[in-house]
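The values are calculated or read from the model by the stated rules, or taken from the named source; none is laboratory data. Note that the structure is predicted; figures quoted are calculated from it, not measured. Note that we place each Cβ from the backbone using ideal geometry, even for glycine, and neighbour counts take in every protein chain shown. Quick note on the areas: whole protein, heavy atoms, side chains included, nothing else; ligands and nucleic acids left out. Shrake-Rupley method; radii C 1.70, N 1.55, O 1.52, S 1.80 Å.
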Amino acid sequence: MQVFTKISELRKAIEEKREQGCSIGLVPTMGFLHEGHASLISRARRENDCVVLSIFVNPTQFGPNEDLDRYPRNPEGDLRIAETNGADFVFMPEANEMYPRPAATRISVSGITSLLCGASRPGHFDGVGLIVSKLFHIVKPHRAYFGMKDAQQVAVVSRMVEDLNLDVEIVPCPIVRGEDGLALSSRNVYLSPEQRSQALVLSETLRKAPEWLAEVGGDTERLKARISTRIREMPLADIEYVEILTYPDLEAPSAEVESSWIIALAVRFGSTRLIDNRLLTRDDLAKVIHSIPMQVAKGE
Ligand code: AMP
């Protein structure tokens, strides 16, 4: 495994791989790696000849009052996880390597960034779009791996790739959870034991959601209310949003179920903001909402 801090050196090494006919898989991260990141790296390992892992706490996706300065870091631990899971190249640039001067170019996906995390984190997805575009141009990967933990990010990056005809396949990867059900996140280290135990309510409500959806006859407003009520039973939980939308277009679900739905949660525990979600496919929905006419998808 080789570690790079300079764009030019990484480019040269990747160029040699590409000339040998290697397929390139990219896993973009902000470090403090855990099993969720490891699952992305090992999937990229299985599906590509050369795996590039980027570790960069990207300042442009943090708001002025967010946790950029205290974002957890552990470069030595990250390199161990990278190596164990089969990364070939690790790219760990300093901020001034990626942004020698503030970028004047904006990558802004409209519509789907105005709700969920985009509503409370203005500019966040512009920062994501910018850094992901920069990484795509530097690495020129055949495939890029993203976790469904950040489902809105997957939707935004996929839309950017579609709109700009970028020649990269976005590979969404399932959410990895701890044994207790909590979705793994670098930010979980901020949680006190009490906050952590109350935070289990997120995965608990998502686990029960299909059953609850059946009980309320497919009424998404009633399901949101039921989830919110359960989360509010936790005294340390402060709800930012509980939403049910179509996925990946993030529109209000209609009676005719044409696409997957996402149940998306953002809840604060003290100063720590946690997100979690569950995707319900049309087949999942058909099992629980018998009263809703399922529209036959094109081609079926
Ligand atoms: P981050 O370092 O938090 O920016 O995450 C880097 C990538 O890892 C993103 O694509 C995340 O969605 C993904 N990721 C983070 N946590 C998880 C998890 N628990 N399961 C699956 N993927 C994850």
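The table that follows gives values for the structure above.
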{"read-out": "Under 5 Å, built H, 5+ apart or other chain: amide partners of Asn74", "value": "Phe32"}
{"read-out": "Computed Kirkwood radius, in angstrom, where 1/r is averaged over Cα pairs of the chain", "value": "20.4"}
{"read-out": "Lysine pair number, Cα distance threshold 28 Å (strictly under), the chain, separation 8 or more or different chains", "value": "16"}
{"read-out": "Candidates Leu26, Leu166, Leu250, ranked by Gaussian network fluctuation over the chain, Cα under 10 Å, top entry", "value": "Leu166"}
{"read-out": "222 nm mean residue ellipticity, helices alone, for the chain (DSSP H n ≥ 4; -39,500 (n - 2.57); rounded to 500)", "value": "-12000 deg cm²/dmol"}
{"read-out": "Cβ-based net charge around Trp212, under 14 Å, with every Lys or Arg adding one and every Asp or Glu removing one", "value": "+2"}
{"read-out": "Highest-MSF residue in the chain out of Gly86, Gly77, Gly147 [GNM, Cα springs under 10 Å]", "value": "Gly77"}
{"read-out": "Point-charge dipole on Cβ atoms (K/R +1, D/E -1) for segment 137-220, about Cα centre, debye to 20", "value": "320"}
{"read-out": "Inter-site label distance for Asp69 and Lys208 at 7 Å from Cα along Cβ, in nm", "value": "4.1"}
{"read-out": "Cα-only radius of gyration and Dmax that characterise segment 2-173, units Å", "value": "15.3, 46"}
{"read-out": "Given 16 as the ceiling on other Cβ atoms within 10 Å, longest exposed-site-free region of the chain for trypsin sites (Lys or Arg not before Pro) in DSSP loops", "value": "107-297"}
{"read-out": "Value of relative contact order over the chain, rounded to a whole percent, pairs C-alpha under 8 Å and six or more apart", "value": "16"}
{"read-out": "Evaluated over segment 186-295, the Cα radius of gyration and Dmax, each in Å", "value": "14.6, 46"}
{"read-out": "Cβ-defined net charge surrounding Ala155, 12 Å radius [Lys, Arg +1; Asp, Glu -1]", "value": "-3"}
{"read-out": "Derived scalar couplings ³J(HN,Hα) [segment 33-39; Karplus, 6.51 cos²θ - 1.76 cosθ + 1.60; whole Hz; x for Gly, Pro]", "value": "5, 9, 4, x, 4, 4, 5"}
{"read-out": "DSSP bridge orientation in the chain - percent antiparallel, rounded to nearest 5", "value": "50"}
{"read-out": "Accessible area expressed per residue, the chain, with surrounding protein chains retained (probe 1.4 Å, Å²)", "value": "49"}
{"read-out": "Net charge of neighbours whose Cβ lies under 9 Å from the Cβ of Ser260, counting Lys and Arg as +1 and Asp and Glu as -1", "value": "0"}
{"read-out": "Max mean-square fluctuation residue, GNM over the chain, Cα-Cα springs under 10 Å, options Cys50, Cys22, Cys117", "value": "Cys22"}
{"read-out": "nm² value of the averaged projected area, convex hull over the Cα atoms of segment 108-156", "value": "3.4"}
{"read-out": "Theoretical FRET efficiency, 1/(1+(r/R0)^6), r = Cβ-Cβ of Ser197 and Asp167, R0 41 Å, to 0.05", "value": "0.35"}
{"read-out": "Degrees, to the nearest 10: 220-232 long Cα axis against longest axis of the chain", "value": "80"}
{"read-out": "Note, ³J(HN,Hα) from phi for segment 82-96, Karplus 6.51, -1.76, 1.60, rounded to Hz, x at Gly and Pro", "value": "4, 5, 4, 8, x, 5, 8, 10, 10, 10, 10, x, 6, 4, 6"}
{"read-out": "Carbon/sulfur fraction of accessible area - segment 33-112, other protein chains in place, 1.4 Å, %", "value": "47"}
{"read-out": "Under Karplus coefficients 6.51, -1.76 and 1.60, residue-wise ³J(HN,Hα) of segment 120-136 in Hz, glycine/proline x", "value": "8, 10, x, x, 4, 6, 5, x, 5, x, 5, 5, 5, 4, 4, 5, 4"}
{"read-out": "Square roots of five times the Cα gyration tensor eigenvalues for segment 7-77, Å", "value": "27, 15, 10"}
{"read-out": "Bridge type composition, segment 186-295 - antiparallel percent by DSSP, nearest 5", "value": "95"}
{"read-out": "Cβ-based charge dipole, the chain, positive-most Cα from Ala44, Gly63, Val216", "value": "Gly63"}
